[in-house]
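Q: Structure in structure tokens, see below.
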Amino acid sequence: MAQGSRQIQSQAQQQIQTLSPQQILVVKLLELPAVELEDRIHAELLENPALEEGKEDAATDEYAGGVSPEEGMDNDANDYDSLSDYLTEDDIPDYKLQENNRSRDEQAEDIPFSDATSFYEILKEQLRERNLTEHQCELVEYLIGSLDDDGLLRKSLESICDELAIYAGIESTEEELEEALCILQDFDPAGIGARNLQECLMIQILRKKSEEKKPSPILNLEERIISDCYEEFTRKHWEKIIKKLDVREETFNEAIAEITKLNPRPGASLGETIGRNLQQIVPDFLVDTYDDGTINVSLNNRNVPELRMSRDFTEMVEEHTKNKANQSKESKEAMMFLKQKMDAAQGFIDAVKQRQNTLMTTMQAIIDLQRPFFLEGDESLLKPMILKDVAERTGLDISTISRVSNSKYVQTNFGIYPLKFFFSDGYTTEDGEEMSVREIRKILKECIDGEDKKKPLTDDELADILKEKGYPIARRTVAKYRQQLNIPVARLRK
């Protein structure tokens with residue numbers, strides 16, 4: 001019996017989560033700070049005639065007439081999906097936009113506070129100017145958000161690849177991230193997106209070479225020093241470099257002088273260049289602490305209008321519904337238009353409510369976790385807290401907590417702080433005691449600031465001093481925190 005070739009077919013069941021338009025709207029509103037939310041609401045009011053300012057009617061969910069537009073026509077339009085499973089716990093309480101917030105007549109005292117435009121925003125502006133695919137834009141934007149305050153990328157591409165899949169639902173490869181990083185490193189200022197100081201300096205040197213028609217010998221020597229003699233360069237072993245590269249001392253000194261002009265912290269310098277372009281910060285949350293230990297939190301919604309469905313539209317729906325037996329083609333098309341606008345208006349109202357609820361839930365959890373700070377205003381009282389801690393307390397997703405904490409500010413009795421200020425890692429000792437990394441870094445900096453500059457402290461000596469102060473951490477941990485503070489090793493601090 002002849003055996004013919006068989007083609008084996010297999011089926012695999014795969015579950016893919018897609019976001020509805022309503023969920024996407026909620027996510028976008030969640031990311032907006034107070035001022036941008038006001039602009040977004042006013043834009044929606046201008047765009048959708050079914051939406052208007054005013055207190056919501058009790059029968060809004062029934063289109064104020066007790067009859068849904070679907071009853072007046074036959075169509076296959078789908079309702080928006082429920083959001084309760086996406087961003088918050090089930091059975092979210094329904095409340096008015098101004099409920100549990102400050103009244104319009106109550107004017108909270110503003111605390112003057114201004115901040116320079118974030119270099120993250122400037123990088124995103126440059127991203128929008130690039131002709132990239134949607135996937136490339138997502139990767140580059142995530143890389144921008146992963147930069148530290150110096151504009152450097154301290155995380156590995158492998159870990160970022162995992163974060164994208166877990167928190168953002170974006171599948172990518174390390175090769176794609178490498179390509180996205182090359183795009184980011186082409187942004188201004190030169191050195192942005194470098195993974196270490198050596199790469200940061202090299203990017204700046206290569207940028208200068210690309211801008212010159214014929215690179216100078218000094219510029220070529222700069223490249224050789226950083227690429228071939230970087231370890232000797234960091235140790236200031238000039239004689240070894242001169243001998244290794246076989247160059248004249250005068251020429252070498254000239255190259256070193258040019259290298260020292262390069263910027264080791266491109267992100268920080270970018271903030272300095274725009275420091276004069278200050279903008280007023282409007283806090284998203286208002287937290288008042290009273291003498292009896294009571295802490296009250298509210299949303300800063302003084303300029304956010306209350307929203308409701310247009311009464312004119314609901315009346316037109318009622319009119320069309322009464323005459324549905326004699327509806328012409330034009331009447332049905334008009335009914336379809338009314339339904340689309342009213343669905344969009346109701347969806348926007350629900351999304352704003354959802355945003356308010358999520359923000360209040362998150363801020364209350366932060367206050368509960370950092371209550372000593374909100375009572376005393378002492379930074380040393382801040383406990384180690386990460387996104388996961390707030391997510392577990394609220395029942396929200398980690399990505400939701402991240403969106404809430406990004407670009408949001410809270411006004412307290414002790415000043416205005418970005419929400420990110422309250423997040424920090426923790427260090428656990430061998431005895432199981434958890435300490436704040438923020439506090440350890442603060443003590444470490446104080447030790448280094450007070451050292452004898454003629455004989456700076458080594459990492460081992462710093463570890464011993466910290467142990468005496470009640471912070472028993474290892475030498476390698478001291479070195480890690482010192483690097484995070486951008487403090488060089490002892491021999492370079494003389």
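The values are calculated or read from the model by the stated rules, or taken from the named source; none is laboratory data. Just so we're clear, the structure is a prediction, and the values are computed from it rather than from any experiment. A quick note on method: Cβ atoms are made from the backbone with ideal geometry, for glycine too, and the neighbour counts reach across all protein chains shown. Quick note on the areas: whole protein, heavy atoms, side chains included, nothing else; ligands and nucleic acids left out. Shrake-Rupley method; radii C 1.70, N 1.55, O 1.52, S 1.80 Å.
Q: Below 8 Å, C-alpha to C-alpha, sequence gap of six or more: please give me the relative contact order for segment 150-237 in percent.
A: Computed value for segment 150-237: 23 percent relative contact order.
Q: Defining a contact as two alpha carbons under 8 Å apart and six or more residues distant in sequence, what relative contact order in percent does segment 375-494 show?
A: Relative contact order here is 20 percent.
Q: Sticking with this one: Got a number for the accessible area of LYS353? Probe 1.4 Å, square angstrom, nearest 10.
A: Accessible surface of LYS353 is approximately 20 Å².
Q: Could you sort GLU250, GLU318, GLU163 by their accessible area in this structure, using a 1.4 Å probe and putting the largest first?
A: Ranked list, largest accessible area first: GLU250, GLU318, GLU163.
Q: Note down the accessible area of HIS237, probe 1.4 Å, to the nearest 10 Å².
A: Spelled out: HIS237, probe radius 1.4 Å, area about 60 Å².
Q: A further question follows. Mind listing the long-range amide H neighbours of LEU51? Cut-off is under 5 Å, sequence gap 5 or more, other chains count too, H placed in the peptide plane at 1.01 Å from N.
A: So LEU51 has HN proximity to SER310.
Q: How would you classify segment 117-270 from its alpha-carbon gyration tensor, with a ≥ b ≥ c the square roots of the eigenvalues: rounded for a/c under 1.5, else prolate if a/b is greater than b/c, otherwise oblate?
A: It comes out prolate by the Cα gyration axes.
Q: Hey, another quick one. What part of the accessible area of segment 117-270, given as a whole %, is carbon or sulfur when the probe is 1.4 angstrom?
A: The value for segment 117-270 is 47 percent carbon and sulfur by accessible area.
Q: Let me ask you something else. With +1 assigned to the C-beta of every Lys and Arg and -1 to the C-beta of every Asp and Glu, and no other charges, what is the dipole magnitude of segment 117-270 about the Cα centre in debye, to the nearest 20?
A: 840 debye
Q: Which of ALA190, GLN126, LEU153 sits closest to the plus end of the dipole of segment 117-270, meaning its Cα is farthest towards the positive end, when Lys and Arg get +1 and Asp and Glu get -1 on the C-beta?
A: ALA190
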